[in-house]
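Colleague: If you scroll down you'll find the structure; I have some questions about it.
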Amino acid sequence: MAISHNPVFNQSLKSGLQSFQQEQVDSEFSRMTQGPMTIEGTASKVIGLFMLVLVGAGVTWFTGAFSLAIPAMFVGLGLGLWASFSKKVRPGLYYAYALVQGVFIGGISGIFEQMYPGIAQTAVIGTLATAGAMFAAYRFGWVKVDARFTRFMMFALIGYMVFALVNLGFSMFAGMSVYSSPFGWLIALVGVGLAAFTLNLDFEQIRQGAAERWPKEMEWRAAFGLTASLIWLYVEILRLLSIFNQND
């Protein structure tokens, strides 16, 4: 069974499956009492998490508490790593992650909006359009999520994650960022592409989980992964748009 996910949280489903394999009795009990994982159940959980993202973003945006963006980014990263590697499904942890990431999105969007009016709205539209296009590509088979595609994405995502951490360190301690270079827009475009195609991995995991009747608790992990990918896509699109605005 191929397991893959977004660059920060790509161990989430794998950790969950390993946990259930180690506790076969609990898994069978879960199946009998709760039923198997379904696409509809996962979708409802995605909607719930995104409502919390919108609440966090909305409160931060309308109160002007943009300074919370950086603290929320690190808190969200910590919660995301905890959720990814925890062998226990923790709905409250996923809710907290969504709310904190909403604060981060609201804060960073407000900062960029002050510099480039209208950029946040364009980023939202771009995210929705890109996600819709990726879903259509997956649904109609234009993108084949096979073993080769998964391996390529995994290597690409690991490489990009390492690059992102190194670039973050340079930007924080040396005041330098590769995105300020003449080729910054190209690197940002690669980030958008990786985030977009990661959605196909998430769609495949949801389909596979429903088809193979994974335990119903796995809906939470799948919903968490898809939510994280969409947040990452929005941030990458916002970054790309800001670079284009700098060059205008």
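Colleague: Quick check on G102: is it within 26 Å of N200 (Cα to Cα) and either among the small types (G, A, S) or free of Cβ contacts under 8 Å to residues at least 24 places away in the same chain (or both)?
Modeller: Working: within 26 Å of N200 (Cα to Cα): yes; either among the small types (G, A, S) or free of Cβ contacts under 8 Å to residues at least 24 places away in the same chain (or both): yes.
Taking the combined requirement at face value, the residue satisfies it.
Colleague: For the stretch 37-59, check the following and say yes or no: at least one residue is more than 20 Å from F224 (Cβ to Cβ) and modelled with pLDDT of 55 or more. Give the derivation first.
Modeller: If we filter the stretch 37-59 for residues that are more than 20 Å from F224 (Cβ to Cβ), which is where we start, we get 58-59.
When the remaining residues are screened for being modelled with pLDDT of 55 or more, the result is 58-59.
Within the stretch 37-59, one or more residues are more than 20 Å from F224 (Cβ to Cβ) and modelled with pLDDT of 55 or more.
Colleague: Out of (1) at pLDDT 55 or above; (2) in contact with a strand residue (DSSP E or B) (Cβ under 8 Å, 6 or more places away or on another chain), the odd one out for R31 is which?
Modeller: Here R31 meets the rest and fails (1).
Colleague: Continuing with the same structure: Could you grab me the full set of residues in the stretch 208-248 that are farther than 10 Å from T42 by Cβ and among the charged types (D, E, K, R)?
Modeller: Listed by number, the residues that qualify are E212, R213, E217, E236, R239, D248.
Colleague: I'm trying to understand the selection: among the residues of the stretch 169-191, which are of a type outside the set (A, V, I, L, M, F, W, C) and either in contact (Cβ under 8 Å) with a residue 60 or more places away in the chain or open to solvent by 30 Å² or more (accessible area, probe 1.4 Å) (or both)?
Modeller: Let us first name the residues in the stretch 169-191 that are of a type outside the set (A, V, I, L, M, F, W, C), namely 169, 171, 175, 177, 179-182, 184, 191.
S171, G175, S177, Y179, S180, S181, P182 - these are the residues of the stretch 169-191 that are of a type outside the set (A, V, I, L, M, F, W, C) and either in contact (Cβ under 8 Å) with a residue 60 or more places away in the chain or open to solvent by 30 Å² or more (accessible area, probe 1.4 Å) (or both).
Colleague: Can you pull out every residue in the stretch 147-168 that is surrounded by fewer than 11 Cβ atoms within 10 Å (Cβ to Cβ) and either in contact with a Phe, Trp or Tyr (Cβ under 8 Å, 6 or more places away or on another chain) or not aliphatic (A, V, I, L, M) (or both)?
Modeller: If the condition is that a residue be surrounded by fewer than 11 Cβ atoms within 10 Å (Cβ to Cβ) and either in contact with a Phe, Trp or Tyr (Cβ under 8 Å, 6 or more places away or on another chain) or not aliphatic (A, V, I, L, M) (or both), then R148, F155 are the ones that fit.
Colleague: So, one more: Is it true that L81 is in contact (Cβ under 8 Å) with a residue 60 or more places away in the chain, surrounded by fewer than 20 Cβ atoms within 10 Å (Cβ to Cβ) and of a type in the set (A, V, I, L, M)? Break it down stepwise before answering.
Modeller: Numbers: in contact (Cβ under 8 Å) with a residue 60 or more places away in the chain: yes; surrounded by fewer than 20 Cβ atoms within 10 Å (Cβ to Cβ): yes; of a type in the set (A, V, I, L, M): yes.
Yes.
Colleague: A further question on this structure: Filter the stretch 192-238 for residues that are basic (K, R) and open to solvent by less than 10 Å² (accessible area, probe 1.4 Å) and give the result. Before you say what the answer is, go through the steps one by one.
Modeller: If we filter the stretch 192-238 for residues that are basic (K, R), which is where we start, we get 207, 213, 216, 221.
R221 - this is the single residue of the stretch 192-238 that is basic (K, R) and open to solvent by less than 10 Å² (accessible area, probe 1.4 Å).
Colleague: When the stretch 60-111 is examined, which residues are found to be closer than 19 Å to G225 by Cβ and of a type in the set (F, W, Y)?
Modeller: W82, F85, Y94, Y95, Y97, F104
Colleague: Considering each of A120, A133, A96 in turn, give the residue that is modelled with pLDDT of 95 or more, under 22 Å from V75 (Cβ atoms) and surrounded by fewer than 20 Cβ atoms within 10 Å (Cβ to Cβ).
Modeller: Working: A120 fails: surrounded by fewer than 20 Cβ atoms within 10 Å (Cβ to Cβ); A133 fails: under 22 Å from V75 (Cβ atoms).
Checking each option against the conditions leaves just A96.
Colleague: Now for a separate question. Exactly one condition in (1) open to solvent by 60 Å² or more (accessible area, probe 1.4 Å); (2) assigned to a helix (DSSP H, G or I) is false for L241; which is it?
Modeller: Failing condition for L241: (1).
The values are calculated or read from the model by the stated rules, or taken from the named source; none is laboratory data. From a predicted model like this one, the values you see are computed outputs, not experimental measurements. For neighbour counting, all protein chains shown are included, and Cβ atoms are generated from backbone atoms with ideal geometry for every residue, glycine included. Only protein heavy atoms, including side chains, enter the accessible area calculation; ligands, DNA and RNA are left aside. Shrake-Rupley method; radii C 1.70, N 1.55, O 1.52, S 1.80 Å.
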